[in-house]
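Undergrad: One structure coming up, written as structure tokens, with questions to follow.
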Amino acid sequence: MNKIKLLAISSATALMFTFGMSAMAYDGTNCKSDGVCWEAKPGFPNEIKGSKFDPKHSAKELEKQNVANNAMEERNAKRVENFKKTGKWVY
Amino acid sequence: MNIRTRGKSYLSVATSAALLGSVVGLLASGSVFANKNLVELQKSEANWVMQGKNYSANHFSTATQVNKSNVKDLEPAWSFSTGALSGHEGAPLVVGDIMYIHSPYPNNTFAVSLKEPGKILWEHKPKQDPAARAVACCDVVNRGLAYWPGDSKTPAMIVKSQLDGNVVALNAKTGEVYWKVETADISVGQTQTAAPFVMNDLVVQGSSGAELGVRGYLTAFDMHTGEMVWRWYATGPDSEIGLDKDFNSANPHYGQKDLGTKTWEGDAWKIGGGTNWGWYAYDPDLNMFYYGSGNPAPWNETMRPGDNKWTMTIWGRDADTGLAKFGYQKTPHDEWDYAGVNVMMLSEQKTADGKMHKLLTHPDRNGIVYTLDRENGDLISANKMDETANWVKKVDLKTGLPIRDPEFSTSMGNRSHDICPSAMGFHNQGMDSYDPNKELFFLGINHLCMDWEPYMLPYRAGQFFVGANVWTYPGPKGDRQKGIGSGQVKAYNAITGKFAWEKMEKFAVWGGTTATAGDLVFYGTLDGFIKARDTDTGKLLWKFRLPSGAVGHPMTYTHDGVQYVAIYYGVGGWPAVGLVFDLNDPSAGLGAVGAFKELAHYTQMGGGVIVFSLDGQSPFTKDVNLGEYEN
């Protein structure tokens, strides 16, 4: 029984070292600074980059929303400019 | 007047604020007239000029012609079919002699006469790219219209949002398009389901699509020209989120600077969600408006380490510049899709310190009802909407932090069981009501819990980016086997934290409530009833079987001396996606299908509005020859 307990404690300690300062039971109240209170759960890394949980996002895909938003804003601005000049809305 | 800005990383917050300050100065003189008109219009019980009824979004009518002694005599007066199926969320607007009716996709709009009810004065039927339907997360709903009263330069307008991402301003008298702008691109997953909201001479439009990794944003347009005045995001650099220089100065422990990037790993904030497809409230005295940003993306929490600010946040922003005065994140690092976009109801009440405060009360998806001082964001109370909420032990009022119960957390490789509330929340998009005389909020509640199992997936712009399988079912007070008992209605006092009464419902009360000084609270049900309860006791006093289930909120107005109560019928929305799309897998529909498997035994699709009055009186009962053919 004691051996099993020891093994469990050793495993938990090993996990802590493996993944840094992981919280044993993340309850969201151990804050590093104002508004920064997240902690990795036991068995999970503080950073996922390079880990098995790394989603390996494509930078190009991540930029697509920004590109779309800028394009819409530019088209809208031209419509407004025309409306102010002519009094007619052209879509 | 060619001054326009938006959140740009090269603009410092201070620069933005200074620039916008000058914009406001120029706009102010022209905006006073239109806004005053809107304030006056909402005071009259003849009108219902915005989805919340008034800027306080209290859904409370002082009309008493229909009251608890005679509500049993309510009968249909007239009805109108929208010709559309799917979920009919929101409510019609009434301004003077016209009712403005909207529909879900294809987002048709009708102006209908109240003098000859049902007669269509004009209609607007937009041509949309049908591909928009494929990127709508939860049926093709729309939450309603906005009204701007016009001024000496520009006619009164109805403003609508379309699923395909356009915001359209229509001449309120003729229905002609006055201006039309793009605010969402379906090719990257952005859609629009939220109702626009008018304050001063601006209309603000929220965003949808967090289930496709859409980074949430809010945009303001000048009603006169359609020109974008500002756009602020939920995540990213402060200069793009729009934080005022004194942001959270009263509550620095909520967090202040640079957290929109620091609380994310790498560039995950660019696809981090925080869309805002819910409701707004506005305080003209403070010139501040309030709304909530939604869930972080993806749902799989393991893929986004950090607190994920500023998703899940109650925002208090300046109405002219849009700059944030305060932001309170309710569910840091969400693990359950508790999207924080729900209704914000404004009240003035005496708190525990014995002083009157300007308050904001928000029943959140996460099962907590929050009440804040809306001047500075101070947290006044945070109580469980139902004691079965188990992901959180309590909210620490000093720190504002939820103390989570790790037993109900979620993570990769695990299927977590019996989490309450479910992803659909104990409260979702329903607009609720507040009786200022009784100091009671009437909450339409979901009683739903879930199992949750995350999975990994790549981000591809325009594709679903959820990352969790969900199984939803009625909570402990309902009948999980039979799939009923998934709703509640409660009367809540935000100061004492106590419930005056509570009643169970067969299905989630999805659409919200409307209260009146006639001691009544009205609401619709998914299985197709409109009901009225006594606001003092919760006793059921009246109900009527609708042609289809209701997911919108009731409204009331008085026309030619008669008080009417109206509600959309049209089952759909997230709870009824199984019925709308004929789905059977219990985890389909983002987990909703299993929870509402019984719904198809009670109702089917259809869409329209039904208007009730005492004894069904209407212009037609006053004059049976009204509208008849005459030689």
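Undergrad: Given B:Lys325, B:Lys350, which one is open to solvent by 10 Å² or more (accessible area, probe 1.4 Å) and under 21 Å from B:Thr261 (Cβ atoms)?
TA: Working: B:Lys350 fails: under 21 Å from B:Thr261 (Cβ atoms).
The unique qualifying residue is B:Lys325.
Undergrad: Of the residues that sit in the range B:581-597 and are surrounded by fewer than 19 Cβ atoms within 10 Å (Cβ to Cβ) and within 24 Å of the chain's Cα centre (by Cα), which one is farthest from B:Asn446 (Cα to Cα)?
TA: B:Phe581
Undergrad: Please find, within the range B:393-446, the residue that is farthest from the other protein chains (Cβ to nearest Cβ) out of those that are farther than 30 Å from A:Glu39 by Cα and in a loop (DSSP other than H, G, I, E, B).
TA: Step by step, filter the range B:393-446, then rank; the result is B:Asn437.
Undergrad: If I go through the range B:41-66 residue by residue, how many of them are within 19 Å of B:Ile101 (Cα to Cα) and basic (Lys, Arg)?
TA: Summing the residues that are within 19 Å of B:Ile101 (Cα to Cα) and basic (Lys, Arg) in the range B:41-66 gives 1.
Undergrad: Output the number of residues of the range A:27-42 satisfying the condition of being in a loop (DSSP other than H, G, I, E, B) and either at the interface with chain B (Cβ under 8 Å from one of its Cβ atoms) or open to solvent by less than 30 Å² (accessible area, probe 1.4 Å) (or both). Full working, then the answer.
TA: Filtering the range A:27-42 down to residues in a loop (DSSP other than H, G, I, E, B) leaves A:27-32, A:34-35, A:37-42.
With the extra rule that they be either at the interface with chain B (Cβ under 8 Å from one of its Cβ atoms) or open to solvent by less than 30 Å² (accessible area, probe 1.4 Å) (or both), the set shrinks to A:27-29, A:31, A:34-35, A:37-41.
Residues flagged as in a loop (DSSP other than H, G, I, E, B) and either at the interface with chain B (Cβ under 8 Å from one of its Cβ atoms) or open to solvent by less than 30 Å² (accessible area, probe 1.4 Å) (or both) within the range A:27-42 amount to 11.
Undergrad: Only strands (runs of 3 or more DSSP E) wholly contained in the range B:476-586 count here; list those with 2 or more residues that are without any contact (Cβ under 8 Å) to a residue 60 or more places away in the chain. Step through it out loud before you land on a result.
TA: Values: elements: B:487-492, B:499-505, B:513-516, B:520-524, B:529-534, B:540-545, B:555-559, B:562-569.
Once the strands (runs of 3 or more DSSP E) in the range B:476-586 are filtered for at least 2 residues that are without any contact (Cβ under 8 Å) to a residue 60 or more places away in the chain, what remains is B:487-492, B:499-505, B:520-524, B:529-534, B:540-545.
Undergrad: Could you go through the range B:254-265 and let me know if any residue there is open to solvent by 10 Å² or more (accessible area, probe 1.4 Å), in contact (Cβ under 8 Å) with a residue 60 or more places away in the chain and farther than 22 Å from A:Trp38 by Cα.
TA: The answer is no; no qualifying residue exists.
Undergrad: Looking at the range B:281-295, is at least one residue within 9 Å of chain A (Cβ to nearest Cβ), closer than 26 Å to B:Ser161 by Cβ, touching a helix residue (DSSP H, G or I) at 6+ places or on another chain (Cβ under 7 Å) and surrounded by 23 or more Cβ atoms within 10 Å (Cβ to Cβ)?
TA: no
Undergrad: Run B:Ala600 past the list (1) among the aliphatic types (A, V, I, L, M); (2) assigned to a helix (DSSP H, G or I); (3) open to solvent by 70 Å² or more (accessible area, probe 1.4 Å) and report the number of the one that doesn't hold.
TA: If we test B:Ala600 against (1) among the aliphatic types (A, V, I, L, M); (2) assigned to a helix (DSSP H, G or I); (3) open to solvent by 70 Å² or more (accessible area, probe 1.4 Å), just (3) comes out false.
Undergrad: Moving on to the next point. Go through the range B:328-358 and count every residue that is within 30 Å of B:Leu590 (Cα to Cα) and not in a strand (DSSP E or B). It would help to see each step written out before you state the result.
TA: Just the residues of the range B:328-358 that are within 30 Å of B:Leu590 (Cα to Cα), to begin with: B:328-345.
Subsequent filtering for residues that are not in a strand (DSSP E or B) retains B:330-344.
Residues meeting the conditions: 15.
Undergrad: I'd like to check which strands (runs of 3 or more DSSP E) are fully inside the range B:133-183 and have at least 1 residues that are closer than 15 Å to B:Val204 by Cβ, open to solvent by 20 Å² or more (accessible area, probe 1.4 Å) and at pLDDT 95 or above.
TA: Working: elements: B:146-148, B:157-161, B:166-171, B:177-182.
It comes to B:146-148.
Undergrad: Shifting gears a bit: Within the range A:43-62, how many residues are of a type in the set (D, E, K, R) and more than 7 Å from chain B (Cβ to nearest Cβ)? Please lay out each step first, then the result.
TA: Of the residues in the range A:43-62, the ones of a type in the set (D, E, K, R) are A:47, A:49, A:52, A:54, A:56, A:60-61.
With more than 7 Å from chain B (Cβ to nearest Cβ) added as a condition, the list becomes A:52, A:54, A:56, A:60.
Number of matching residues: 4.
Undergrad: So B:Asn108 passes all but one of these: (1) at positive phi; (2) surrounded by fewer than 22 Cβ atoms within 10 Å (Cβ to Cβ); (3) in contact with a His (Cβ under 9 Å, 6 or more places away or on another chain). Which condition number does it fail?
TA: With (1) at positive phi; (2) surrounded by fewer than 22 Cβ atoms within 10 Å (Cβ to Cβ); (3) in contact with a His (Cβ under 9 Å, 6 or more places away or on another chain) applied to B:Asn108, the lone miss is (1).
Undergrad: Still on this structure, I have one more. Out of all the residues in the range B:218-228, which are closer than 17 Å to B:Ala319 by Cβ and open to solvent by less than 10 Å² (accessible area, probe 1.4 Å)? Before you say what the answer is, go through the steps one by one.
TA: As a first pass, look at the range B:218-228 and keep what is closer than 17 Å to B:Ala319 by Cβ: B:218-224, B:227-228.
The answer is B:Leu218, B:Thr219, B:Ala220, B:Phe221, B:Met223.
Undergrad: While we're looking at this one, here's another question. Please determine whether any residue of the range B:167-183 is out of contact with any Cys (no Cβ under 8 Å at 6 or more places or on another chain), within 29 Å of B:Lys36 (Cβ to Cβ), more than 12 Å from chain A (Cβ to nearest Cβ) and among the β-branched types (Val, Ile, Thr).
TA: Looking for residues that are out of contact with any Cys (no Cβ under 8 Å at 6 or more places or on another chain), within 29 Å of B:Lys36 (Cβ to Cβ), more than 12 Å from chain A (Cβ to nearest Cβ) and among the β-branched types (Val, Ile, Thr), one finds at least one in the range B:167-183, hence yes.
Undergrad: Would you list the strands (runs of 3 or more DSSP E) that sit entirely within the range B:195-265 and hold 1 or more residues that are within 11 Å of chain A (Cβ to nearest Cβ) and more than 19 Å from the chain's Cα centre (by Cα)? Talk me through it step by step, then tell me what you get.
TA: On the way: elements: B:197-199, B:202-205, B:217-222, B:228-233.
The strands (runs of 3 or more DSSP E) meeting that bar are B:217-222, B:228-233.
Undergrad: Of all the residues that make up the range B:313-348, how many are in contact with a strand residue (DSSP E or B) (Cβ under 6 Å, 6 or more places away or on another chain), β-branched (Val, Ile, Thr) and closer than 23 Å to B:Val229 by Cα?
TA: Here the count works out to 3.
Undergrad: What number of residues within the range B:445-456 satisfy the criterion of being buried (at least 22 other Cβ atoms within 10 Å of the Cβ) and out of contact with any Pro (no Cβ under 9 Å at 6 or more places or on another chain)?
TA: 1
Undergrad: When the residues of the range B:266-280 are filtered to those that are assigned to a loop (DSSP other than H, G, I, E, B) and of a type outside the set (Gly, Ala, Ser), which remaining residue is nearest to the other protein chains (Cβ to nearest Cβ)?
TA: Residues of the range B:266-280 that are assigned to a loop (DSSP other than H, G, I, E, B), as a first pass: B:266-267, B:272, B:274-280.
Filter once more, so that each one left must be of a type outside the set (Gly, Ala, Ser): B:267, B:275-277, B:279-280.
On the way: B:Asp267: 5, B:Thr275: 11, B:Asn276: 15, B:Trp277: 16, B:Trp279: 23, B:Tyr280: 21 Å.
The extreme case among them is B:Asp267.
Undergrad: Something else about it: Out of B:Glu89, B:Glu116, I need the residue that is among the acidic types (Asp, Glu) and either outside any loop (DSSP other than H, G, I, E, B) or open to solvent by 10 Å² or more (accessible area, probe 1.4 Å) (or both). Which one?
TA: Numbers: B:Glu89 fails: either outside any loop (DSSP other than H, G, I, E, B) or open to solvent by 10 Å² or more (accessible area, probe 1.4 Å) (or both).
So the residue among B:Glu89, B:Glu116 that is among the acidic types (Asp, Glu) and either outside any loop (DSSP other than H, G, I, E, B) or open to solvent by 10 Å² or more (accessible area, probe 1.4 Å) (or both) is B:Glu116.
Undergrad: Let me ask something additional. Filter the range A:68-89 down to the residues that are more than 8 Å from chain B (Cβ to nearest Cβ) and open to solvent by 90 Å² or more (accessible area, probe 1.4 Å) and list them by number.
TA: Hits for the range A:68-89 are A:Glu74, A:Lys78, A:Glu81, A:Lys85, A:Lys88.
The values are calculated or read from the model by the stated rules, or taken from the named source; none is laboratory data. These numbers come from a predicted model, not from an experiment. For neighbour counting, all protein chains shown are included, and Cβ atoms are generated from backbone atoms with ideal geometry for every residue, glycine included. We work out accessible area using only protein heavy atoms, side chains counted, and drop any ligands, DNA or RNA first. Shrake-Rupley method; radii C 1.70, N 1.55, O 1.52, S 1.80 Å.
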